[in-house]
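Working notes, beginning with the structure itself.
The values are calculated or read from the model by the stated rules, or taken from the named source; none is laboratory data. Note that the structure is a prediction, hence the values are computed from the model and not measured. So basically every Cβ, Gly included, is an ideal-geometry build from the backbone, and we count neighbours across all protein chains shown.
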Amino acid sequence: MNTIKELYAYRQMIASLVRKDLRGRYKGSALGFLWTFINPLLQLVVYTVVFSFILKTNIERYYLYLFVALIPWIFFSSSITVGAASIVAQKDLIKKIYFPRMVIPISYVTSCFVNMLLCFLVIFAVIIVSGTGFNFAALLTLPVIMAVEYLLALGMALLTSAVTVYFRDLEHILGIVSMVWMYMTPIMYDKSMIPDRLLPVFGLNPMTHVIGCYRDVLYYKQMPDLTSLISAAGLGVFFLIFGGIVFNKLQRRFAEEL
C-alpha cells in the first residue's frame with residue numbers, strides 16, 4: 001500500500017514522462033507521429049500477403065483476423081523488450097534525484113498503451129470499411145481485456161527492467177524470446193491448428209487467452225470466453241505482483257549498478 005500511495009503522489013511525474021516519450025518517439029522524422037499507424041499497417045500488409053497468397057490460409061477476412069491480434073501483440077512485445085532497458089536508459093535521472101523507481105517502467109508501458117489505443121482507431125476504421133460491424137454489447141468488455149493486458153505487460157516490464165540492470169544481456173535475449181513467444185501465440189494462425197497434446201502448454205501462455213478475447217470481440221463479434229478472460233486476468237495479476245516484488249528487492253542497488 002505504501003508503494004501505491006507513493007506512486008500516486010508521483011502521478012504528475014508519470015504523466016510527464018508519458019508525454020515526453022510520446023513526443024520524442026518519432027522526433028525528427030519526416031512523418032512524425034504518423035509512424036504510430038504506418039508501422040502496424042506495414043506489418044499487416046506483409047503478413048497478409050505471405051499468409052494469403054504464399055502460405056495460404058482458409059481464414060475469412062484474414063487481414064482483419066490478423067490485425068485485431070497484431071496490434072495488442074506489438075504493445076505487449078514493446079513493453080517487455082524495449083521496456084527492459086527503461087531503467088538503464090534513465091540512469092542519469094536515477095543517480096541525480098529520488099523518486100519511486102517504478103515510475104520509469106510504468107510510464108513507458110503506459111506510453112506504449114496509449115500508442116495501442118491510437119492504433120485501435122485504425123482497427124475500428126478497418127472494421128467499418130469492411131462492413132463487418134460491431135457487437136456493441138461485446139464491445140463493452142474491450143476495456144476489461146485491455147486492462148488485463150496492461151497489467152500483464154506492466155508486470156513483465158517491472159521484472160525485465162529490474163533484472164536488466166544486473167544482467168545487461170537480457171535486453172538482447174528478450175528480442176529472441178519475443179520472436180519465439182509471438183509464434184507460440186495464435187496470432188497468425190488459428191488456435192484450432194494447435195495439436196490437442198500441446199493445448200495445455202499453450203494454455204500457460206497468457207497472451208493466448210488475451211488474443212483470443214480480442215478476437216472474440218472484434219472478429220467473431222461475440223462476448224469473450226469467460227474462462228479465457230479469467231485465466232488471462234489471473235496470470236496478469238500474478239505477473240504484476242511477482243514483477244513488483246522482484247523490482248522492489250532489486251531496486252535498492254540500482255544506483256550502484258548503473
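Quick notes on this one:
- Subset tally (residues that are in a helix (DSSP H, G or I) and of a type in the set (D, E, K, R)) for the stretch 196-229: 4
- Leu118 being surrounded by 18 or more Cβ atoms within 10 Å (Cβ to Cβ), touching a residue at least 24 places away in the same chain (Cβ under 8 Å) and either touching a Pro at 6+ places or on another chain (Cβ under 9 Å) or in a helix (DSSP H, G or I) (or both): no
- Where Val129 falls short, out of the listed (1) in a helix (DSSP H, G or I); (2) surrounded by 17 or more Cβ atoms within 10 Å (Cβ to Cβ): (2)
- Within the stretch 207-258, the residues that satisfy the criterion of being loosely packed, with under 14 Cβ neighbours inside 10 Å and closer than 23 Å to Ile187 by Cβ are Gln222, Leu226, Thr227, Ile230, Gly234.
- Residue within the stretch 164-171 that is outside any loop (DSSP other than H, G, I, E, B), within 24 Å of Leu66 (Cα to Cα) and not polar (S, T, N, Q) present: no
- Of the residues Ser107, Ser111, the single one that is crowded, with 18+ Cβ neighbours inside 10 Å, closer than 28 Å to Met184 by Cβ, small (Gly, Ala, Ser) and at pLDDT 85 or above is Ser111.
- Filtering the stretch 230-241 for residues that are outside any loop (DSSP other than H, G, I, E, B) and farther than 30 Å from Arg101 by Cβ leaves a non-empty set.
- Being under 19 Å from Pro105 (Cα atoms), under 15 Å from the mean Cα position of the chain (by Cα), crowded, with 18+ Cβ neighbours inside 10 Å and among the β-branched types (Val, Ile, Thr) is a description that applies to Thr160.
- The residue of the stretch 82-104 that is farthest from Ala147 (Cα to Cα), among those that are of a type in the set (Val, Ile, Thr) and either modelled with pLDDT of 90 or more or surrounded by fewer than 23 Cβ atoms within 10 Å (Cβ to Cβ) (or both), is Ile97.
- Qualifying residue in the stretch 244-258 (condition: outside any helix (DSSP H, G or I), closer than 19 Å to Pro105 by Cβ and either modelled with pLDDT under 90 or not charged (D, E, K, R) (or both)): yes
- Restricting the stretch 163-184 to residues that are of a type outside the set (Phe, Trp, Tyr) and within 13 Å of the chain's Cα centre (by Cα) leaves a set whose member that is farthest from Leu229 (Cα to Cα) is Ser178.
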